[in-house]
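Just below is one structure, and these are the notes that go with it.
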Amino acid sequence: MSEPIDLLIVGAGPAGLAAAIEARALGASVTLLDENQAAGGQVWRGIEANGARGKKLDADYAAGAELAAAFRQSGADARFGATVWSIEPEADEAPASVFFSQNGNAARLRARRVLLATGATERPVPIPGWTLPGVMTVGAAQILLKTAGLAPQGRVWVAGQGPLLRLYAVQALAAGAQLAGILDLSPPVPLGLVMQVPAMLGALDYMVKGFSWGRKINAAGVPWVRASDIAAVAGADGKLARISFTTGGARRTEDAGLLLLHDGVVPNTQISRALGLAHDWDGTQMCWRPKLDAFGRSAIDAVFIAGDGGGILGAQGALLTGRIAALAALADTGRITHQEAQRRIGPLRQRLAKHEAIRRVLDTLYPPVFPQLDDATIVCRCEEVSAGALREAVKLGCLGLNQMKAFTRCGMGPCQGRMCAPTAAAVMAEARGVPVAAIEPYRGRFPTKPLTLGELAALDG
């Protein structure tokens, strides 16, 4: 069997690319696996192919091309179109085996350390009518914009909260999109924001960027409307035709051909759950995240986690956590000394503190919106399970999401609960009269992604 890899990285977003470059610069052998066809992850999706078009979207997106080029030049073994479906820690000199499929073939690689840089998952916004044709997430629309240059036209509304609303609007307008308006569902500015003033003063570049996005949106004549709720309304053909929302205490209806929804992102914990790692409850963002030390090290020595998969920090924070995790992993394997790792990590930790501070500001401004769902609203889109069905299951004695699978099949579809988990937990908590953190989360199991019996049977060893 071949010599194990020093560092195997899952995910080619900011954290994964930065970790690979750092590790290769220190002479480590590095293999990176990503299920997409090129580097970039979600934040820099399509960056290598976009060229001049990418420069028009925004400066931060265009900057990703430099990191992608540095990664290509680093000598790391890059395997794209590779879907990781299992990781097995071992006890010998190669502490982990990583199983993945690529081009219809399953394979296994052995690595001394594995770094999960799988990023985030967009939080769902389950409003009445969100399953209608013509309703999408902002993240999905951004993928279309970055990969195919598709800018929406006509009566397009963007609704929800968080920085991505502004960023996507600016990117879409730069690409020639037409936007009918933006519905801001965020709550009033909380008094607690006063406590975050020092953090805001220490990150003025973030604040300036946000204000500049707002100016561009205003200059384009796109209405910015404060709203407290929203519903999508179907036309005679069963597609989205109108949206209805409350603003200024009055109900208002507008024609709509496309509605894009967003309520922030949560860590992608599919693999970390399947590994059985401990997770902490983030009471501010109402989500679970892996329990890690300051270097991204998990309870399994062989497994590190960096980027938004370990806690939402954004692209620049992900770059730093990727580098920190790579250095700590190489120190563990003896590639560099722990003293050398600490010397290199110190300045990175200082820079990371700024991004951690501004994240606290954003968390204060944009707490998750969990709308009051009527019984008819779909929660699990894969299995078409409604909020009413979840409440009925609670009445019958269901206590957690894993039991809910047996009662309703909620979370058993193709997404394996990635999309419905936050909403299902909130509905159950409300029905039981307990905090959301008290609801048992979905237990992930390997394989975390579909694979054929043929792939499994042909796997060597």
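The values are calculated or read from the model by the stated rules, or taken from the named source; none is laboratory data. Predicted, not measured: the structure shown is a model, and the values here were computed from it. Don't worry about glycine lacking a Cβ; one is built from the backbone with ideal geometry, like all the others, and counts go over all protein chains shown. Side chains are part of the model used for accessible areas, which takes the heavy atoms of the whole protein and leaves out ligands, DNA and RNA. Shrake-Rupley method; radii C 1.70, N 1.55, O 1.52, S 1.80 Å.
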Using modelled amide H (1.01 Å from N, peptide plane; none on Pro or chain starts), what sits under 5 Å from the amide H of D229, excluding residues fewer than 5 places away?
T246
Within the chain, which cysteines find no other Cys whose Cβ is under 4.7 angstrom from their own?
C287, C382, C398, C415
Enter the accessible area of M195 (Å², nearest 10), with the probe set to 1.4 Å and all protein chains included.
150 Å²
Restricting to lysines and to Cα separations under 17 Å from K216, and discarding same-chain partners fewer than 8 apart, the set is K55, K56
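What is the sum of charges, Lys and Arg at +1 and Asp and Glu at -1, for the other residues whose Cβ falls under 13 Å from the Cβ of Q316?
Numbers: positive: K209, R323, R351, K354, R359; negative: D60, D205, D308, E356.
Surrounding charge for Q316 is +1.
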Taking a crude spin-label model, label points 7 Å out from Cα along the C-beta direction, the W224 to R409 distance in nm is 4.5 nm
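Measuring with a 1.4 Å probe in the full set of protein chains, what accessible area per residue, in whole Å², belongs to region 295-338? Please report the intermediate quantities before stating the final value.
Details: 1270 Å² over 44 residues.
Result: 29 Å² of accessible area for each residue.
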Net charge near L330: determine it from the other residues with C-beta under 14 Å of the C-beta of L330, scoring Lys and Arg +1 and Asp and Glu -1.
+3
Which of the lysines could a cross-linker bridge to K395, judged by Cα under 18 Å and excluding same-chain residues fewer than eight apart?
K405
Give the accessible surface of region 20-179 per residue, rounded to a whole number of Å², with probe radius 1.4 Å and ligands, DNA and RNA excluded.
37 Å²
If you add up the charges near V385, with Lys and Arg at +1 and Asp and Glu at -1, over every other residue whose beta carbon is less than 13 angstrom from its beta carbon, what do you get?
0
Rounded percent of accessible protein surface that carbon and sulfur make up, region 73-212, 1.4 Å probe:
61 percent
Is it possible to state the helix-based mean residue ellipticity at 222 nm for the chain, with each DSSP H run of 4+ residues giving -39500 (n - 2.57), the sum divided by total residues, to the nearest 500 deg cm²/dmol? What is it?
-11000 deg cm²/dmol
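Which order do S2, S298, S29 take by accessible area at a 1.4 Å probe, largest first?
On the way: S2 90, S298 10, S29 50 Å².
Output order, biggest surface exposure first: S2, S29, S298.
List the trypsin sites (Lys or Arg not before Pro) within region 207-254 that fall in a DSSP loop (any state other than H, G, I, E or B) and whose Cβ has at most 10 other Cβ atoms within 10 Å.
Working: sites: K209, R215, K216, R226, K239, R242, R251, R252; in loops: K239.
Those that pass, being in a loop and sparsely packed, number zero.
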Given a 1.4 Å probe and every protein chain left where it sits, what share in percent of the accessible area of region 270-382 is carbon and sulfur?
49 percent
